[in-house]
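J.: I have a structure I would like to understand better, so I am pasting it below and will then ask my questions one at a time.
Values quoted throughout were computed directly from the atomic coordinates according to the rules given, and no laboratory measurement underlies them. This structure is a prediction, so every number in the text was calculated from the model and none was measured. Positions of Cβ are generated from backbone atoms using ideal geometry, with glycine treated the same way; all protein chains shown enter the neighbour counts.
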Amino acid sequence: MTQADPDMSNDMPALTAAHMKKQILFRRWFAVIFSSFTVTAFYFGWFVTRNVRGEAKQTDIQLRSVAWAIMSYSVANNAMPTSQEEFVKFISAHPQCLSATRRAGEWPATQEAAQAGVVPADISAAVAGRIEVIWPPTGNLTPVLQVRGRPSGVGTIEQVNGWLQNWNHDAATAAQ
């Protein structure tokens, strides 16, 4: 092996005091800007998450209210509703049917249980707003509840549609 020639050094030239100040200033500004972006992103994410959770809670309240009202309609009419107008008109004219207790099954037995302890939503506002109902062509089929692009709690849509399916299936087998 050969020794490196001391005259041929690959060292970088010594940094001047002015150049070192520029590097320190750059690093400090970079740290300040990076920290500012990090804090801003955190707060933005926190506020967005909080708002989405609030929207999901409102949507879930309306989903549960509409599902309970559909079951109430079904009890009074021995059939599922087939149109929004017919459904809203009946529920508006007979609000007392919403407070009736249901027989036991794979659905809640009371309106309080259906709402999970939360105050029920206005049915006509719910079906005209956040909640989309796919109405069946005949009263022996089950309506399907959906949300109009709104956030919902994990599993709530499946849960309330399950209530309706089980309710309608039980009513159909009881009628036979």
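J.: Just to be sure I understand, if you calculate mean projected area of the Cα convex hull in nm² for this structure, which of [x] 21.9; [y] 14.7; [z] 11.9 do you get?
T.: [x]
J.: Okay, moving on. Taking 41 Å as R0, compute the FRET efficiency from the Cβ-Cβ separation of A93 and R50 and round it to 0.05.
T.: With R0 = 41 Å, the Cβ-Cβ based efficiency is 0.60.
J.: Using only DSSP helix segments of four residues or longer, with each worth -39500 (n - 2.57), what per-residue ellipticity at 222 nm results for the chain after dividing by its residue count and rounding to 500?
T.: -20000 deg cm²/dmol
J.: Turning to a different aspect of this structure: So how far apart, in nm, are the two label points at M20 and V144 if each is 7 Å from Cα heading toward Cβ?
T.: Those two pseudo-labels are separated by 7.2 nm.
J.: Assuming R0 = 35 Å, what is the FRET efficiency of S124 and Y43, from their Cβ-Cβ distance, to the nearest 0.05?
T.: 0.40
J.: State, to one decimal in nm, how far the label point of I134 lies from the label point of A174, with both points 7 Å from Cα in the Cβ direction.
T.: 2.6 nm
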